[in-house]
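I have placed the structure first, in the form of structure tokens, so that the comments after it can refer back to it.
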Amino acid sequence: HNHFRADKPLEGKTALVTAGPTYEAIDPVRFIGNHSSGKMGYAIAEELNRLGAKVFLVSGPTHLQASSDIETIRVLSAQEMFESCNSLFDKVDIAVMSAAVADYTPKEAASQKIKKKAEDFTIELKKTIDILGTLGQRKTTNQTLVGFALETNNELEHAQEKLYHKNADFIVLNSMQDEGAGFGTDTNKVTVLSRSGNTKNYDLKSKQEVAKDICQIIVEHQQQL
Ligand code: CTP
Ligand code: CA
């Protein structure tokens, strides 16, 4: 039944958004992390909420605070982020994976602070679970699944591979070409690749405006179902 209001096209829909970095513990006082600010994911969560969706935001460590009607679940590691997403995914209509998830995590975290000893020191790492890829495997036709991609070379080709391998409906490719796009900035320049074969280029704009563009695509996808 298509009784949506024009201003709240996602009324009655539920969404899952991931945002920020993950912290992978080395020992009780150290971790492997990255420079993701979480701004893009939080902006998407806010926009989905504004459009009427019930939003669950699974957030890595950030300095940001989402509005009170967004249900925020704070996590640290890739494994914790996976577990939260895994338990929420089946009940959501929309999932946007904008977190910068660590690809590798220490094989084991030391229980005590590691003491400085030898000149060389190696930490053994193992692959983390691919959250987007795992959710993609069990995605149903009523769900809209969006992933991100950050590439430095063969951008479109690599983003296309991610779209297929992870079974996403859309991949938002962050351009590294332009000054002012990506990590730590308030702006982004994106290209959105869709499973239906479309590629759409957007101008450099604020992360809030990019979030609007992405959510517009999500609304259209949901309305076509
Ligand atoms: N992603 C994820 N779980 C991971 C790694 C990535 O869910 N363990 C998601 C990201 O949130 C993003 C998408 O997968 O939506 C692509 O992330 P990216 O780092 O660009 O791709 P990877 O598959 O990790 O490949 P690589 O880093 O080697 O390019
Ligand atoms: Ca990665």
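Each reported figure results from applying straightforward, stated rules to the coordinates on display, with no laboratory input. Bear in mind that the values here come from a model prediction, so they are computed numbers and not experimental data. No Cβ is skipped: glycine too gets one built from the backbone with ideal geometry, and neighbour counts run over all protein chains shown.
To the nearest 10 degrees, how steeply does helix 78-88 sit against the main Cα axis of the chain, on a 0 to 90 scale?
The angle comes out near 30 degrees.
So how do 23-31, 95-103 stack up, highest first, on mean other-Cβ count within 10 Å?
95-103, 23-31
For a Förster distance of 41 Å, can you work out the FRET efficiency between the beta-carbons of residue 68 and residue 151, rounded to the nearest 0.05?
The value I calculate is 0.70.
Tell me what the chain gives for mean residue ellipticity at 222 nm when only DSSP H runs of n ≥ 4 count, each as -39,500 (n - 2.57), the sum divided by the residue total, rounded to 500 deg cm²/dmol.
On the way: 5 runs with 59 residues, N = 225.
-8000 deg cm²/dmol, from helical runs alone.
Once both axes come from the Cα atoms, what is the angle between helix 207-224 and the longest principal axis of the chain, in degrees from 0 to 90, rounded to 10?
Roughly 60 degrees, rounded to the nearest 10.
Can you list residues whose amide H is under 5 Å from residue 96's amide H, if they're 5+ apart or on another chain and H is modeled 1.01 Å from N?
16, 17, 18, 146
How big is the charge dipole of the chain about its Cα centre, in debye rounded to the nearest 20, if each Lys and Arg gets +1 on its Cβ and each Asp and Glu gets -1 on its Cβ? Display every interim value, and only then the final one.
Numbers: 26 positive and 30 negative charges, 91 e Å.
Using only the charged Cβ atoms, the result is roughly 440 debye.
Please give the length that would be gained between residue 107 and residue 138 if that part of the chain were fully extended, namely 0.36 nm times their separation in residues minus their C-alpha to C-alpha distance (nm, one decimal).
Working: separation 31, 0.36 × 31 = 11.16 nm, distance 2.73 nm.
Residue separation times 0.36 nm, minus the Cα-Cα distance, leaves 8.4 nm.
Suppose a student asked you for the relative contact order of the chain, using Cα pairs under 8 Å spaced at least 6 residues apart; what percent would you report?
Once normalised by length, the contact order is 19 percent.
Okay, which of the range 34-60 sit inside 19 Å, backbone N to the point 7 Å along the Cα-Cβ direction of residue 198?
48
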